[in-house]
Amino acid sequence: MAGLLEGKKGIIFGALDERSLAWHVATHCQQEGAQIVLTNTETAIQLGTVAELAAVHNMPLIVCDATKTEDIEALFTRARALTGGDIDFILHSVAQSTNLRRHKTYEEANYTYFQQTLDISALSLHKLLSTAMRMDVIAEGGSVVALSYIASERYFYGYNDMADAKAMLESIARQMGALYGQKKGVRVNIVSQSPTPTKAGGGWKEIEFFYRYSDHLSPLGNADADDCADTCVALFSDLMRKVTMQTVYCDGGFGRTILTPGLVDDYRRIEDVKD
Ligand SMILES: NC(=O)c1ccc[n+]([C@@H]2O[C@H](COP(=O)([O-])OP(=O)(O)OC[C@H]3O[C@@H](n4cnc5c(N)ncnc54)[C@H](O)[C@@H]3O)[C@@H](O)[C@H]2O)c1
């Protein structure tokens, strides 16, 4: 049986190393028959392991800073030449907050860093989609997915300016989804993923506690990187051809749950320790 993405061509932004969500998405898409072009910044390629991974899996790797329109234009031109045609799907898996990295509290955020967070983590999706529309890079009925987190819509202690970036990212996906859908039938969706151990996902000190809490509050448990990848494959495929402008929660039910027996047990154990 043919793979779900047989004959399709995709560009994957944001694979840094083998833990990256984007790396899992890239390999799952390849397994489903897609031809993949990887892209990341020069620094990420130097500091991460994506170049070795790309070579082993025979995926071209193109340098592109997603905040620079001229880089995105060059990427699209090369990707089209390398794959021999229009692009069917794109994954935006790009985020960075220097406020988070430097442990700045939200109320004392550095505004230069704040603007960089928005530029890298949200506006880059606008630039990517706007450039793709102008250059007419994406095939009729194509699919674009960006990764987000539920802190876009709920207060989450410690998520800092990334929460604002994710809210903006999701809004951009809706607005551009409407425009690109009407123009060329291109879908734009968000996958809102469970906390997952990656470089970007591990930038704060309470993270181990939070993974456990999230796992116990989610009726299906935390979604891992492979679950995220399968959700993206489904959205890239023709099976989801009428799904657009949506936030799809790959979170084991976390966002719809207030209390589970697992969490009650955790509290009981804590109380026992205190007694
Ligand atoms: N890991 C999690 O817990 C989690 C949960 C929900 C959503 N997400 C989102 O998933 C996406 C991928 O994160 P990840 O967890 O795989 O971590 P990651 O660190 O592996 O990926 C982040 C990527 O963004 C890239 N990037 C940063 N600045 C860039 C720029 N200017 N141009 C192009 N690329 C740039 C980095 O090089 C890196 O490859 C992010 O949007 C993140 O917010 C992660």
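The numbers here are math on the coordinates, done by the rules we state, and not lab data. Just so it is clear, the structure is predicted and the values come from calculations on it, not from any experiment. Virtual Cβ from ideal backbone geometry, glycine too; neighbours counted across all protein chains shown.
Observations, loosely collected:
- Summarised in one figure, the compactness ratio Rg/Rh of the range 189-256, Cα atoms and Kirkwood Rh, is 1.02.
- Above-threshold pairs, the threshold being 25 Å between Cα atoms, out of Lys9/Lys166; Lys8/Lys183; Lys104/Lys199: Lys9/Lys166
- Rounded to 10°, Cα long-axis angle of helix 69-83 versus longest principal axis of the chain: 60
- Highest to lowest packing among 79-88, 117-126, 64-73, scored as the average C-beta count within 10 Å: 117-126, 64-73, 79-88
- The charge dipole of the range 39-167, taken about its Cα centre with unit charges on the Cβ of Lys, Arg, Asp and Glu (plus for the first two, minus for the last two), comes to roughly 200 debye.
- Rounded to whole Å, the principal axis extents of the Cα atoms in the chain read 68, 48, 39, largest first.
- Here Tyr155 and Glu70 are evaluated by their C-beta separation; at R0 = 30 Å the FRET efficiency comes out at 0.20.
- Here the Karplus relation 6.51 cos²θ - 1.76 cosθ + 1.60, evaluated at θ = phi - 60°, turns the backbone of the range 5-10 into coupling constants of 10, 3, x, 8, 10, x Hz, with x for every Gly and Pro.
- Magnitude of the charge dipole, the chain, Cβ model with Lys/Arg +1 and Asp/Glu -1, debye to 20: 660
- Taking the charge dipole of the chain about its Cα centre, with +1 at Lys and Arg Cβ atoms and -1 at Asp and Glu Cβ atoms, the residue from Pro197, Phe210, Tyr113 reaching farthest to the positive side is Tyr113.
- Amide hydrogen proximity for Tyr249: with H placed 1.01 Å from N in the peptide plane, the residues at 5 or more positions away or on another chain lying under 5 Å are Ser192.
- Projected label distance in nm at Leu47 and Leu179, using a 7 Å step from Cα toward the beta-carbon: 3.2
- Order by protection proxy (mean Cβ within 10 Å, highest first), peptides 252-263, 5-16, 153-164: 5-16, 153-164, 252-263
- With θ taken as phi - 60° and the Karplus curve 6.51 cos²θ - 1.76 cosθ + 1.60 applied, the whole-hertz 3J(HN,Hα) list for the range 179-190 is 5, 6, x, 5, 6, 9, x, 7, 8, 10, 10, 10 Hz, x standing for glycine and proline.
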